[in-house]
1. Output ³J(HN,Hα) for region 72-88: one whole-Hz value per residue in order, computed from phi by the Karplus curve 6.51 cos²θ - 1.76 cosθ + 1.60 with θ = phi - 60°, and x for Gly and Pro.
2. Where does the charge balance sit around ALA70 when Lys and Arg score +1, Asp and Glu -1, over other residues with C-beta under 14 Å from its C-beta?
3. Counting only helical runs of four or more DSSP H residues, what would the 222 nm mean residue ellipticity of the chain come to if each run contributes -39,500 (n - 2.57) and the total is spread over all its residues?
4. Hey, could you grab the Kirkwood Rh for the chain? Inverse mean 1/r over distinct alpha carbon pairs, Å, one decimal.
5. Considering Cα pairs under 8 angstrom that are at least six residues apart, work out the relative contact order of region 3-140 and quote it in whole percent.
Amino acid sequence: MSLNVIKEHPDKFSKGLLNKLSLLSNQILHDYEKHDLEINLKLISSEEMIILNETFRQKSADTNLLAFPADPASINFTKELGDIAICIPFMESEASALDIDLDNHMMHLVAHGVLHLLGFDHINEKDANLMESHEINYLKNFNIANPY
């Protein structure tokens, strides 16, 4: 599996972050026997995120992350599980407001996005608790404190 990172903005993260993001996504996918699949991660602007959020969720607002699972019928052919879009300005603002390390916040968001691609959601409290517990456990493997 590989994590294809597409970034059009200056790098604001540590040099080792991309490697850690790849290790994290590989670990999650391995646990769900999806280790042969690829994920596309695009780091985008607020303007791009607002367009995506409006187009796909009918919400005219910025957000930190959107996940787009691939059509199950195409996964065997494309070997792609889906796409994750992370809004860098929104993420930076969140990290600052929460007083957390930017790299750690990015790790959390990628774990969250990969779990979304695997079918996890947080629409109701039970599902949210399950998803959060998985995120906490994966982040713990990288010595990242519980983000909740």
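Please treat every number below as a calculation from the coordinates, not as lab data. Just so we're clear, the structure is a prediction, and the values are computed from it rather than from any experiment. Glycine gets a Cβ as well: all are built from the backbone with ideal geometry, and neighbour counts include every protein chain shown.
1. Result, ordered by residue: x, 5, 9, 4, 5, 8, 8, 6, 10, 7, x, 10, 10, 10, 10, 7, 4 Hz.
2. Every neighbour counted, the sum reads -3.
3. Rounded to the nearest 500, the figure is -16500 deg cm²/dmol.
4. On the way: mean 1/r = 0.0640 Å⁻¹.
15.6 Å is the Kirkwood radius here.
5. Details: 185 pairs, mean separation 34.1, N = 138.
Here the relative contact order equals 25 percent.
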